[in-house]
Amino acid sequence: MIERSLFSEEHNIFRNSVRKFVEREIVPYHAQWEEDGIVPRELWLKMGAEGLLCCTVPEEYGGLGLDYLFDVIVFEEFWRVGASGPGVMIHTDLVASYILAFGTEEQKRHWLPKMVKGEAIGSLGMTEPHAGSDLKELRTSARRDGDEYVINGQKVFISNGQLCDLIVLSTKTDKDAGAKGITLFIVESARKGFRRGRNLNKLGMKAQDTSELFFDDVRVPASNMLGQEGKGFQQMMTKLAQERLIQSTRSAIIIETMIEWTVDYTSQRKAFGQTVADFQNTQFVLADLKARATMARIFTDRCIELFMQGKLDSVDAAMLKLVNSELHCETADKCLQLHGGWGYMWEYPICRAYADARITKIAAGSVEIMKTIIAREMFKGKRS
Ligand SMILES: Cc1cc2nc3c(=O)[nH]c(=O)nc-3n(C[C@H](O)[C@H](O)[C@H](O)COP(=O)(O)OP(=O)(O)OC[C@H]3O[C@@H](n4cnc5c(N)ncnc54)[C@H](O)[C@@H]3O)c2cc1C
């Protein structure tokens, strides 16, 4: 078998400690959090105390200044047990990384230490009821008024929406300028005029709070702008490759886990005087998935490596997300099938994994958008 070569001994030690934390603090409670539709705020403080949040944040901003693989390990260990609840990936990999990349010194000093400790929970507010894939059509407006901006609008499907203390929010500062009119702000949830809507009832990812957010004349100081006016779309595009990489990393580890569960289950389950694993169909289905999971793993780890070298481009990230999210959903379906009726029962992890899988073909850019990105590059300069 081809071994993963990304991780050092130090990473492996860290992985063991994350695994223990997950077994102790998450696994016993996750089913209840799924019923609640949210994880407790105290969990965020525990994760912060354990050093699991925003591992790459430099020491000067209260972090540990570790390499990206430490964040990857945290996410993988959560996903490996199906812990879809804590929205750590959004908090660490997106919100903190936006602030690190585009924030002023003051913004970094204010937010990052709190995010590392789990005292401030981040969310990313891009999608609106009428604008998801086509982000340049967003309508939330930010109008300058002296030293402040006044924000009006609505966001939907926002992960960590019920718990968030800060939102990296995309707005239009110039409604006639298309993508060039988009500007990002950091908006505190304590601001007057901000309101959380429903915690949305989803197919899967049940322990994660995914919400509507409303902004009615929310006033923020101009110093809350993240980056420059009119550069928001460009900023979002530069971060999308990273978001697609981490979503694909999620798929790769869950695909492997689902195959392991199914090998174990079918080796025990009896039918027609033999185990389900004895049927050639079972072996062929799982062998086929295993071969493709191995390809997905190698492609994923290579893209992680490229990302760490600053060389992952948007087309490679799109190809990875396309391949991994499709394999993720196919594996969930085929592995559930091999569990029979028990696979359809919520208490079986494969059932939850099946429900959780579906989002991977939609969020962070749908499979259709991934194909559009790939095809655009393939036909560049060839079509009139
Ligand atoms: C559980 C969950 C969590 C989420 N978390 C967040 C979050 O934290 N922050 C956030 O901002 N957003 C979040 N989202 C939103 C997510 O990113 C969007 O749902 C996604 O971008 C798709 O947008 P849409 O839902 O508006 O679909 P639409 O854009 O309306 O797409 C509908 C269909 O049309 C297809 N389509 C669109 N354009 C094209 C095209 N050019 N060519 C071919 N087909 C096309 C799409 O692929 C899709 O199949 C989340 C969504 C979910 C469900």
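Just a few scattered comments:
- In terms of distances greater than 26 angstrom between alpha carbons, the cross-link table entries 117/231; 206/334; 117/202 yield 117/231; 117/202.
- Look at the alpha carbon pairs under 8 Å that are at least 6 residues apart: their mean separation over the length of region 148-287 gives a relative contact order of 25 percent.
- Inter-probe distance in nm under a simple model that places probes 7 Å from Cα toward Cβ, at residue 200 and residue 294: 3.9
- Computed from the Cβ-Cβ distance with R0 of 30 Å, the FRET efficiency linking residue 104 to residue 309 stands at 0.65.
- Hits among lysines - C-alpha to C-alpha of residue 20 under 18 Å, sequence gap 8 or more where chains match: 46
- Summary of packing: across the peptides 338-346, 289-297, 112-120, the per-residue average of other C-beta atoms within 10 Å ranks them, highest first, as 112-120, 289-297, 338-346.
- Only lysines eight or more places from residue 321 in sequence, or on another chain, were considered; those with a Cα closer than 16 Å are 239, 361, 371.
- Proximal charge balance of residue 293 [Cβ under 12 Å; K/R count +1, D/E count -1]: 0
- Near residue 14: Cβ cut-off under 12 Å, other residues only, Lys/Arg at +1 and Asp/Glu at -1. The net charge is -4.
- Estimated 222 nm signal from helices in the chain, with DSSP H stretches of n ≥ 4 weighted -39500 (n - 2.57), rounded to 500: -15500 deg cm²/dmol
- Neighbourhood net charge (10 Å Cβ-Cβ; Lys/Arg +1, Asp/Glu -1) for residue 360: +2
- Cβ-Cβ FRET estimate between residue 36 and residue 260, R0 fixed at 25 Å, reported to 0.05: 0.35
- Look at the dipole of the chain built from charges on Cβ: of 329, 63, 166, the Cα furthest out on the positive end belongs to 329.
- Gained length - residue 228 relative to residue 147, 0.36 nm times residue gap less alpha-carbon distance: 27.7 nm
- Accessible-area composition of region 263-384, carbon plus sulfur, in percent [1.4 Å probe]: 58
- Ordering of 54-64, 201-211 by packing is 201-211, 54-64, highest average first (other Cβ atoms within 10 Å, averaged per residue).
- Computed P(r) (all Cα pairs; region 1-50; 10 Å bins; percent): 21, 41, 24, 14, 0
- Once divided by 2.2 N^0.38 Å, the Cα radius of gyration of region 259-301 becomes 1.34.
- All-pairs Cα distance distribution in region 2-99, expressed in whole percent, bin size 10 Å: 15, 49, 29, 7, 0
- Shown here: the chain, whose C-alpha atoms stretch 79, 57, 40 Å along the first, second and third principal axes, sorted largest to smallest.
- Extension gain (nm, one decimal) between residue 7 and residue 284, 0.36 nm per residue minus Cα-Cα: 96.6 nm
- Surface exposure of the chain, expressed per residue as accessible area with a 1.4 Å probe, stands at 47 Å².
- Compactness of region 71-143 as Cα Rg over 2.2 N^0.38 Å, two decimals: 1.31
- Cα-based shape type of region 265-384, given that a ≥ b ≥ c are square roots of the gyration tensor eigenvalues and the cut on a/c is 1.5: prolate
The values are calculated or read from the model by the stated rules, or taken from the named source; none is laboratory data. From a predicted model like this one, the values you see are computed outputs, not experimental measurements. Positions of Cβ are generated from backbone atoms using ideal geometry, with glycine treated the same way; all protein chains shown enter the neighbour counts. Note: areas computed on protein heavy atoms with side chains; ligands, DNA, RNA excluded. Shrake-Rupley method; radii C 1.70, N 1.55, O 1.52, S 1.80 Å.
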